[in-house]
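Beneath this line is the structure, given in structure tokens, with notes to follow.
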Amino acid sequence: MKKVTTLLLAIVSFACSNAQKKEFSKEALSEKLTTIEGSEMTFGEILEKFKGKSLVIEVWASWCGDCVKSMPKTKELQASNPEVNYVFISMDKTTERWKEAIEKHEIIGNHFFVNDGMKGALGKALDVDWIPRYIVIDKNGKIVLYRAIETDFEKINNVLKKIN
């Protein structure tokens with residue numbers, strides 16, 4: 001009986017950790033990120049900037065092989081959904097590597113750098129346990145897809161077609 005209870009708790013914990021959240025926590029909204037120009041903005045201010053517009057947020061890093069490998073799919077997504085805004089949140093270790101990767105991979109969108117890495121405050125607040133990670137927000141500011149990864153491009157594209 002103890003083993004069954006432990007197994008059920010593990011399954012429930014895993015299911016809850018993969019839940020699709022409907023809104024961002026106060027902690028996430030208050031976290032500061034660095035802009036490409038070197039100033040700081042809170043995550044909430046970034047979201048406010050795109051109020052009234054559909055948005056795809058991609059959490060990535062230049063050192064992440066899966067992130068680099070998925071860049072062509074991201075570009076296809078952008079080409080298929082030109083009315084959508086794209087925010088790239090980097091978990092790179094340095095701003096230099098981050099900026100070099102943007103240029104090298106010709107990443108078009110709005111770019112922000114997390115100052116404390118993937119395991120820092122924003123990473124925890126957004127439940128980032130894998131990158132690349134995608135979040136889709138509709139024109140009303142509602143999270144319509146909270147937890148998508150590089151194998152979910154078809155799902156992301158379908159969601160974008162529904163909300164635009």
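The values are calculated or read from the model by the stated rules, or taken from the named source; none is laboratory data. Everything quoted here is computed from the prediction, not taken from an experiment. We place every Cβ from the backbone using ideal geometry, glycine too, and count neighbours over all the protein chains shown.
In table form, for the structure just shown:
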item	result
Strands (runs of 3 or more DSSP E) contained in region 92-162 and holding at least 3 residues farther than 20 Å from residue 20 by Cα	110-114
Yes/no for residue 69 being at pLDDT 95 or above, of a type outside the set (Asp, Glu), in a loop (DSSP other than H, G, I, E, B) and surrounded by fewer than 16 Cβ atoms within 10 Å (Cβ to Cβ)	no
Tally, over region 31-41, of residues that are closer than 23 Å to residue 145 by Cβ and either assigned to a loop (DSSP other than H, G, I, E, B) or of a type outside the set (A, V, I, L, M, F, W, C) (or both)	1
Contacts under 6 angstrom Cβ, first residue in region 102-115 being at pLDDT 95 or above, partner of a type in the set (Gly, Ala, Ser), 6 or more apart	113/90
Any pair with Cβ under 7 angstrom, 6 or more apart, that starts in region 120-137 at a residue that is on the phi > 0 side of the Ramachandran plot and ends at one that is in a loop (DSSP other than H, G, I, E, B) and of a type outside the set (Ser, Thr, Tyr)	none
Filter pass, residue 39 being within 21 Å of residue 103 (Cβ to Cβ), loosely packed, with under 10 Cβ neighbours inside 10 Å, modelled with pLDDT of 95 or more and polar (S, T, N, Q)	yes
